[in-house]
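Quick notes on the structure that follows.
Read-outs: derived from the displayed coordinates by stated rules, not from any lab. Just so it is clear, the model here is predicted, and its values are computed rather than measured. So basically every Cβ, Gly included, is an ideal-geometry build from the backbone, and we count neighbours across all protein chains shown.
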Amino acid sequence: MRKLRWALAALAVAAAGLFSLAPAAAPVRADAGKRLLVVTDSGGFIHDSVGVAEEVLKEVGPKEGFAVTAWRFTREPDPKVLEKYSDNFRKKTGLTVGPENCGRINKETLKNFDCVLFFTTGNPVNKAELADLVDWVKAGGAFAGTHCATDTLYQDTVYGELLGAYFRGHPAGLQKIKVKVEDPKHPAAAGFENGMDYQDEMYIFRDAPFGRERLHVILSIDPSSFHPPGNLTRKDEDYAISWCREEGKGKVFYTSFGHDKKVWKDPRFQQHLIGGLKWATGQLPGNATPSGKK
């Protein structure tokens, strides 16, 4: 019986990839506002905060004008893969993965959304689907990522260039740092003040494709408050937290915050994230001029 359930789930995911009106692809609509797709497919490490992220966005999003749809699995459907993934997902988050939590990201399903937010690991899309996503952004779509979105799709530099960076590493545990607000006028700076203490798992990014000549940095870590081990230390001490960029007619926003479940429930982080999403969807103005070399 269980195998039959997962066979049906696989068929639902496959259908979502072929027909824009398939149940798994249909977004939750609001009377007004933007349609946000939250993707938490975790083919690599499964963060226990992805379930909280979905819960928070479904609660806060509609209040801020976002109709939220959440997909927990977006890869090629396979009953055995889905069953094993659902078990692992439940162990980490307390949530299962059924047909209603699945969908495929492609040029047809993307028509249903204004913004796509990745909180992912592994490979949530294949090469063709990634090309569709990039084309959709260039045509005016909004793409955003939180935390481990930079720990995703390492095999394709196109993705790293779209989002702005790839994850390199982080010190063990959670780090308490001081936030440097580099653009206090940007909507994504909401909730934070320069020099404010904040705690989360702090990411350090690879030298490429990260670069201030391409990215408009909004928040960064005050290097005097952050002392990663030698193998993770950047020579330039440039530890960005959040940035934005433009891609064709579209916009991209990223924040490395979001590892700790407490962060997702923090109103300061929620203001920061919603501000970034509203900028990306064109609801609020904000500068995206690259910050330049530090």
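At-a-glance table
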quantity: Antiparallel %, DSSP beta bridges [both residues in segment 91-232], to 5; calculated: 65
quantity: Estimated distance in nm for a label pair at Asn231 and Val81, the labels positioned 7 Å out from Cα along Cα-to-Cβ; calculated: 3.1
quantity: Chymotrypsin sites (Phe, Trp or Tyr not before Pro) restricted to DSSP loop in segment 100-150 with at most 15 other C-beta within 10 Å; calculated: none
quantity: Unsatisfied cross-links (Cα-Cα over 18 Å) in the set Lys176/Lys262; Lys92/Lys278; Lys34/Lys63; calculated: Lys92/Lys278
quantity: Point-to-point label distance, Lys178-Arg268, nm (Cα→Cβ direction, 7 Å offset); calculated: 1.4
quantity: Cα-based equivalent ellipsoid, segment 106-248: semi-axes from gyration tensor eigenvalues, Å; calculated: 28, 17, 13
quantity: Span-rule helices in the chain, defined as complete DSSP H runs reaching 15 Å or more along the axis (Cα) with Kyte mean at least -1.0; calculated: 2-18, 50-63, 127-138, 267-280
quantity: Amide H within-cut-off set for Leu215, under 5 Å, with H built and near neighbours excluded; calculated: Ser291, Gly292
quantity: Length added when fully stretched, Glu213-Val158, from 0.36 nm per residue minus Cα-Cα; calculated: 18.1 nm
quantity: Glu100 versus Glu59: modelled label distance in nm, points set 7 Å from Cα along the beta carbon direction; calculated: 1.9
quantity: Cut-off of 10 Å, at most 15 other beta carbons, DSSP loop: longest stretch of the chain lacking such GluC sites (Glu not before Pro); calculated: 1-192
quantity: Cα lying deepest toward the dipole's positive end in segment 68-192, options Val181, Leu162, Val134, charges on Cβ; calculated: Val181
quantity: Placed amide H near Glu247: partners under 5 Å, 5+ positions off or other chain; calculated: Val252
quantity: Highest-MSF residue in the chain out of Ala53, Ala280, Ala208 [GNM, Cα springs under 10 Å]; calculated: Ala208
